[in-house]
Structure formats: C-alpha cells, structure tokens
Amino acid sequence: MELLKSKWFWIAAFGLLFVASLDLWAWDWTEPSVFGLPYVIIYIVVLETILFVLFVAFARYYWTGEGDE
C-alpha cells in the first residue's frame, strides 16, 4: 500500500486518465453500439467510473489531512 501514498503515483494516474479522455480517435463516430448508444458515450461512462474509483482511493489513501492547522 506504500504505492498509494506516493505523490508521483497519483500524478501519473490522474495524468493518464486525462490523456485517455482526449478522444481524438473517435471524434466523428456516431454508429450505435450497446443499447443504441455511440461508442464514445460508453467510453466516457467507463472513464468516469475509473475517475470515481481513483478519486475514492485518492481520498482514502493519500489525502490523510496530516499537516492541517
């Protein structure tokens, strides 16, 4: 669990998620896929789920509140 307390791990994790959210590869896709939704919508839902999990883990393991006045 020492990895989850590293500042550089969180910088890399949120940075990679940001880069993955730049969906330049699917800019003009409109074909339906699952439940009639375009692939881009499914991709964004997956990214938002990953963001939620990352933020919960960040708040639990890194954001300890040590050093508060």
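Data for the structure
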| item | result |
| --- | --- |
| 5 angstrom amide H check on SER33, placed H, neighbours 5+ away | TYR39 |
| Angstrom value of the Kirkwood radius, inverse mean 1/r, which spans all Cα pairs in the chain | 14.1 |
| For ASP23, residues with placed amide H under 5 Å, excluding near neighbours | none |
| Residue among PHE55, TRP25, TRP8 farthest towards the positive dipole end of the chain, charges placed on Cβ | TRP8 |
| Per-pair calculated FRET efficiency, R0 = 30 Å: ILE41 and LYS5 via Cβ, rounded to 0.05 | 0.30 |
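Quick note: the coordinates plus some simple rules give every number you see, no bench work behind them. In this text, all values refer to a predicted model and were calculated from it rather than measured experimentally. All Cβ positions, glycine included, derive from the backbone under ideal geometry; neighbour counts span all protein chains shown.
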